[in-house]
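> Handing you a structure now.
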Amino acid sequence: MAESWDGNHDPGSPSEESYHLERLHIEPIYDAFICPLTKQVMQDPVTLENGMTFEREAIEKWFKECRDSGRKPVCPLTHRDLKSTELNPSIALRNTIEEWNARNEAAQIDMAHRSLSLGSGEGDIMQALKFVQHLCQKSRSNKHVIRNADLIPMIVDMLKATSRRVRCKALETLLVVVEDDDDNKEIMAEGDNVRTIVKFLSHEQSKERGAAISLLYELSKSESLCEKIGSVSGAILILVGMASSKSENLVTVEMAENTLENLEKSETNVKQMAESGRLQPLLTLLLEGSSETKLSMAAFLGELVLNNEVKVLVARTVGSSLINIMKHGNMSSREAALRSLNQISSYESSAKILIEAGILPPLVKDLFFVGANQLPMKLKEVSATILANIVNTGYDFDSVPVGSEHQTLVSEEIVHNFLHLISNTGPAIECKLLQVLVGLTSSPTTVFNIVSAIKSSAATISLVQFIEAPQKDLRVASIKLLRNLSPHMGQELARCLRGTSGQLGSLIKVISENTGITEEQAAAVGLLADLPERDRGLTRQMLDERVFQLVISRIVSIRQGETRGSRFVTPYLEGLVKVLSRITFVLTDEPDAVALCREQNVAALFIELLQTNGIDNVQMVSAMALENLSQESKNLTKLPEIPKPGLCVSIFPCLSKPPVITGLCKVHRGTCSLRDTFCLLEGQAVDKLVALLDHTNEKVVEASLAAVCTVLDDGVDIEQGVQVLCEAEGIKPILLVLLEKRTETLRRRAVWAVERLLRTEDIAYEISGDPNVSTALVDAFQHGDYRTRQIAERALKHVDRIPNFSGVFPNTG
């Protein structure tokens with residue numbers, strides 16, 4: 001063994017390995033050094049009265065066995081009785097053994113020093129690592145020997161070996177070397193040692209990964225090393241992943257968890273853990289740490305990007321504490337708390353938790369309060385952002401007091417304060433406060449309070465003026481708010497827009513931008529679409545500003561696929577179609593509207609839009625527009641000029657024959673076309689409208705039925721209209737609408753249509769045999785409104801269910 005380890009020996013158990021290493025000596029072993037009981041070199045030799053020497057621990061165990069078995073103490077070698085069990089330390093022998101051990105260990109350490117290089121054979125390296133483990137396990141004091149011999153850096157170098165066995169054994173050896181030894185751990189903190197160990201955490205081999213996490217756990221017990229481990233890029237992220245893994249073995253998971261718990265001693269590590277999704281340590285410090293620590297954690301929490309599930313956890317855990325800091329902390333603490341609350345409040349479920357924790361009163365107070373300790377404007381903006389997040393939860397804000405006199409967010413005084421702030425602050429906070437009003441007007445339970453407060457404060461004009469703001473977010477918020485208000489104050493908004501201040505032009509400019517379809521464009525066209533469609537003044541101005549030509553081009557562009565789709569394409573298209581439909585409500589009074597519809601062939605476009613499957617509002621509005629256009633057909637149809645009779649015919653009328661005129665519309669009795677008179681027959685639209693009568697959306701069915709009914713209206717040839725519906729197979733769908741009774745509006749319209757159909761004898765005869773139709777008409781006659789009952793009575797007369805002489809209502813045609 002003078003020059004190399006006995007590399008051929010492969011001990012089985014750890015005890016055999018220890019025995020083998022004990023036998024590896026440079027100097028020979030003297031028999032006097034060996035304990036007769038243990039067969040190993042003695043560490044604490046003691047002598048009996050008969051002069052025999054044993055290892056203290058071994059002989060004490062022997063004597064105990066004698067006592068336990070009821071035997072007198074005897075010498076284990078001579079088996080003769082002993083008068084005394086007194087043990088006399090053999091100091092001279094112990095000193096000799098220690099000196100011998102020291103010489104041998106020094107030689108062995110020297111050999112280990114030579115063997116621990118990447119150029120050595122695998123067997124020598126493994127044997128050297130085993131020797132180091134054995135030496136350290138033999139005595140804790142030997143760990144400083146290993147340290148002083150500079151073996152620790154050499155063992156670390158073995159982590160770069162190509163042999164997996166060597167790398168794994170090196171990790172195990174380092175664990176033994178540093179265990180319960182702070183000085184050795186400090187050496188591990190030097191250079192890239194920790195980084196090298198961390199790399200093994202993502203290693204494919206589970207054995208190396210397990211050895212590495214065990215070593216890191218031991219190192220993490222040192223506070224100074226906690227910082228070092230955390231400073232290694234990706235270390236904490238990997239550990240968090242291991243601790244939450246369902247594929248790792250349980251020991252590795254537990255070790256990773258314990259390591260993370262040790263690393264929590266460093267605030268820097270806690271922040272990294274939070275970034276990696278392990279929030280609880282940060283939340284604990286926020287609740288239990290010193291004032292400085294709480295401030296630091298709250299500030300960091302405000303910078304994190306949290307998923308929705310984590311936001312709920314944070315709100316439940318520290319929501320109340322953050323609100324308390326916001327109420328009572330110094331300005332730095334309030335800022336940190338507000339920024340954290342801003343993060344948490346952006347998800348509906350977590351925002352509701354904050355509402356229940358009492359966030360609204362201090363939030364509103366911070367916004368409105370002026371005086372000492374008031375929030376600077378940049379923090380009022382954060383407060384407004386939080387409030388905007390919260391009002392979008394759909395909570396019942398009318399039941400949550402926010403003021404000293406039990407005012408709520410929708411109380412007139414509070415809304416007036418919002419409106420005052422909106423008019424007297426900068427764009428950033430104005431935007432957030434407008435978003436607050438957007439949220440409050442999105443709820444049917446609170447919108448009326450907001451509308452009332454806006455009217456009482458005469459704030460409509462100032463709100464409309466924000467449409468012209470240069471800041472996009474501010475424009476979007478104002479347009480959204482005005483759109484929510486339009487169903488309740490549409491006339492006021494229309495008056496403001498059609499003024500001379502240019503807001504309508506600003507809306508049109510937004511709609512016409514060629515930047516793809518944005519949220520702002522969808523909101524702008526939605527606002528314009530929701531304004532009262534029969535406001536002739538607004539429609540006139542839109543005609544003058546060529547708005548409808550722009551709208552048509554945008555619709556065509558979307559239909560042809562020229563405009564790139566986005567999540568706003570559907571609301572944008574819906575708004576465009578509804579804006580275009582405005583022109584069909586003024587055809588009677590606006591010749592320019594008729595001219596535009598002819599020029600742009602608007603009727604054909606609406607017929608095409610009827611087939612926009614999946615977008616119910618487009619189909620519904622298109623059907624409504626076609627109803628209006630078709631109503632105008634009878635006024636636009638060119639009736640034929642009948643030539644004046646000649647002289648002979650004047651004298652002899654019996655010689656006259658009625659003139660034969662071809663090419664006339666059988667329903668409108670004149671010359672029709674889709675482009676010029678908007679005739680549904682010429683546009684082959686009746687079939688398409690009939691197809692929509694079984695639509696699942698009642699509003700689409702109502703609009704389609706109303707358009708179909710224009711071929712049965714007064715002023716047209718009803719008999720021919722019925723014939724058109726027969727050819728379009730529309731009779732049965734109309735009857736089904738009557739039988740289904742889906743809405744009162746549908747029943748009223750269906751009764752009207754069926755009465756017109758029953759004026760044709762063949763249809764009346766066929767339907768009279770259908771008891772379901774008769775029952776539906778009787779039900780309408782009994783339970784409908786006044787007008788529906790009149791029409792149902794006439795329909796029942798057509799099928800002889802009511803005699804003509806038994807009218808209940810006056811005949812009103």
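The values are calculated or read from the model by the stated rules, or taken from the named source; none is laboratory data. Only a predicted model underlies this, so the values are computations on that prediction, with no experimental measurement involved. Every residue, glycine among them, receives a Cβ derived from its backbone with ideal geometry; neighbour counts consider all protein chains shown. What goes into the accessible areas is simple: the full protein's heavy atoms, side chains included, and nothing from ligands, DNA or RNA. Shrake-Rupley method; radii C 1.70, N 1.55, O 1.52, S 1.80 Å.
> Test each condition in (1) outside any loop (DSSP other than H, G, I, E, B); (2) open to solvent by less than 40 Å² (accessible area, probe 1.4 Å); (3) under 21 Å from Met542 (Cα atoms); (4) not polar (S, T, N, Q) for Gly499 and report the one that comes out false.
Here Gly499 meets the rest and fails (1).
> Mind listing whichever residues of region 570-597 are in a helix (DSSP H, G or I), crowded, with 17+ Cβ neighbours inside 10 Å and of a type in the set (A, V, I, L, M)?
Within region 570-597, Leu573, Leu576, Val577, Val579, Leu580, Ile583, Ala593, Val594, Leu596 meet the criteria.
> Quick one: count up the residues across region 682-727 that are out of contact with any helix residue (DSSP H, G or I) (no Cβ under 6 Å at 6 or more places or on another chain) and on the phi > 0 side of the Ramachandran plot.
Result for region 682-727: 1.
> May I pose another question? Would you be able to tell me the number of residues in region 106-131 that are β-branched (Val, Ile, Thr) and more than 14 Å from Met158 (Cβ to Cβ)?
Within region 106-131, residues that are β-branched (Val, Ile, Thr) and more than 14 Å from Met158 (Cβ to Cβ) number 1.
> What about Leu219, is it open to solvent by less than 10 Å² (accessible area, probe 1.4 Å) and under 15 Å from Thr252 (Cα atoms)?
Taking the combined requirement at face value, the residue does not satisfy it.
> Okay, moving on. Given the options Arg209, Arg195, name the one that is in contact with a His (Cβ under 6 Å, 6 or more places away or on another chain), in a helix (DSSP H, G or I) and of a type outside the set (A, V, I, L, M).
Checking each option against the conditions leaves just Arg209.
> Among the residues in region 217-235, are any in contact with a His (Cβ under 9 Å, 6 or more places away or on another chain), among the aliphatic types (A, V, I, L, M) and either modelled with pLDDT under 90 or in a helix (DSSP H, G or I) (or both)?
Scanning region 217-235, I find no residue that is in contact with a His (Cβ under 9 Å, 6 or more places away or on another chain), among the aliphatic types (A, V, I, L, M) and either modelled with pLDDT under 90 or in a helix (DSSP H, G or I) (or both), so the answer is no.
> Search region 388-412 for residues that are on the phi > 0 side of the Ramachandran plot and pair each with any residue that is of a type outside the set (A, V, I, L, M, F, W, C) when their beta-carbon atoms are under 7 Å apart and the residues are at least 6 apart or on different chains.
Gly394/Ser443
> Among the residues that make up region 120-133, is at least one of them surrounded by fewer than 18 Cβ atoms within 10 Å (Cβ to Cβ) and free of Cβ contacts under 8 Å to residues at least 40 places away in the same chain?
For region 120-133, residues surrounded by fewer than 18 Cβ atoms within 10 Å (Cβ to Cβ) and free of Cβ contacts under 8 Å to residues at least 40 places away in the same chain: absent.
> Would you say Ser423 is under 21 Å from Glu520 (Cβ atoms), of a type in the set (S, T, N, Q), surrounded by fewer than 18 Cβ atoms within 10 Å (Cβ to Cβ) and in the same structural domain as Phe368 (by the TED database)?
Criteria not met by Ser423.
> Right, something else. At least 1 residues that are touching an Asp or Glu at 6+ places or on another chain (Cβ under 6 Å) and in contact (Cβ under 8 Å) with a residue 40 or more places away in the chain in each: list the helices (runs of 4 or more DSSP H) lying fully within region 516-563 that qualify.
So the answer is 536-544.
> Shifting gears a bit: Do you know which residues across region 710-762 are in contact with a Leu (Cβ under 6 Å, 6 or more places away or on another chain) and free of Cβ contacts under 8 Å to residues at least 12 places away in the same chain?
none
> I would also like to ask the following. Scan Val391, Val464 and give me the residue that is in contact with a Cys (Cβ under 9 Å, 6 or more places away or on another chain) and buried (at least 19 other Cβ atoms within 10 Å of the Cβ).
After applying the criteria, what remains is Val464.
> Sticking with this structure for a sec: Scan region 757-764 and give yes if some residue there is outside any helix (DSSP H, G or I), surrounded by fewer than 13 Cβ atoms within 10 Å (Cβ to Cβ) and polar (S, T, N, Q), otherwise no.
Among the residues of region 757-764, not one is outside any helix (DSSP H, G or I), surrounded by fewer than 13 Cβ atoms within 10 Å (Cβ to Cβ) and polar (S, T, N, Q), which makes the answer no.
> If you don't mind, another one. Restricting attention to region 303-359, which residues are farther than 22 Å from Val400 by Cβ and in a loop (DSSP other than H, G, I, E, B)?
Once the filter is applied, which keeps residues that are farther than 22 Å from Val400 by Cβ and in a loop (DSSP other than H, G, I, E, B), region 303-359 yields Leu304, Val305, Leu306, Asn307, Gly329, Asn330.
> Just one of Ser84, Ser117 is assigned to a loop (DSSP other than H, G, I, E, B), open to solvent by 30 Å² or more (accessible area, probe 1.4 Å) and over 23 Å from Cys35 (Cβ atoms); which is it?
Ser117
> Can I ask one more? Could you tell me whether Glu248 is modelled with pLDDT under 90, surrounded by fewer than 17 Cβ atoms within 10 Å (Cβ to Cβ) and among the acidic types (Asp, Glu)?
For Glu248, the condition - modelled with pLDDT under 90, surrounded by fewer than 17 Cβ atoms within 10 Å (Cβ to Cβ) and among the acidic types (Asp, Glu) - is not met.
> Name the single residue, out of those in region 175-184 being more than 13 Å from Ile155 (Cα to Cα) and in contact with a Lys or Arg (Cβ under 8 Å, 6 or more places away or on another chain), that is surrounded by the most Cβ atoms within 10 Å (Cβ to Cβ).
Asp181
> Looking at Glu309, Glu303, Glu292, can you tell me which residue is within 23 Å of the chain's Cα centre (by Cα), under 25 Å from Gln374 (Cβ atoms), at pLDDT 90 or above and among the charged types (D, E, K, R)?
Glu303
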